[in-house]
1. Picking from Arg14, Arg53, Arg26, which is most flexible by a Gaussian network model of the chain using Cα springs under 10 Å?
2. Only one of the values [x] 16.1, 51; [y] 16.2, 58; [z] 13.2, 40 was calculated from this structure for Rg and Dmax of the Cα atoms in Å; name its label.
3. Of Thr38, Thr87, how do they rank once you tally other Cβ atoms within 10 Å and put the fewest first?
4. Can you compute the helix-only [θ] at 222 nm over the chain? Use -39500 (n - 2.57) per DSSP H run of at least 4 residues, normalise by all residues, nearest 500 deg cm²/dmol.
5. What number comes out for the charge environment of Val35, summing +1 per Lys or Arg and -1 per Asp or Glu over other residues with Cβ under 14 Å away?
6. Straight distance only, please: which aspartates and glutamates reach the Cα of Lys7 with their own Cα at less than 15 Å, same-chain residues fewer than 8 apart left out?
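Every read-out reported here was derived from the displayed coordinates using simple, explicitly stated rules and does not represent laboratory data. As the structure is a computational prediction, the values presented were derived from the model and not from experiment. A quick note on method: Cβ atoms are made from the backbone with ideal geometry, for glycine too, and the neighbour counts reach across all protein chains shown.
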Amino acid sequence: MDRERRKAAVDAYRKRKDAPGIYAIRSRSSGAVFVGQTPDVEAIANRIFFSLRFGSHPGAALQAAFDKNGEIDLAFEVLERIEPPETPYLLRAILKDRLSAWRSRLGAALV
């Protein structure tokens, strides 16, 4: 039975649709906000926190915030989910535009 459940979970993961969007990571202690865009908001938090734990995140300011106060200080939130358009080109353009709007609104740095 365990093997069947695992197979069903893998099949469900493969069939799921990506959920593109804009996300933020906030530092509770400093109030700093970092925003980013992704083709899949459901998976990005795990990817970011994995790289932060190993000290390999490319964003120096976010890595410094993590190193100073730890994971407990950082809060992840999805700011906006975007309905995927017909073409990847349009998706990239929409994500870029929405990221810029959220950066301006929040006064945030890039992830």
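1. Sorting by GNM fluctuation, first place goes to Arg14.
2. [x]
3. Working: Thr38 21, Thr87 9.
Neighbour counts put them in this order, fewest first: Thr87, Thr38.
4. Calculated from helices alone, the mean residue ellipticity at 222 nm is -16500 deg cm²/dmol.
5. Numbers: positive: Arg26, Lys96, Arg98, Arg103, Arg105; negative: Glu77, Glu80, Asp97.
Net charge in that neighbourhood comes out at +2.
6. none
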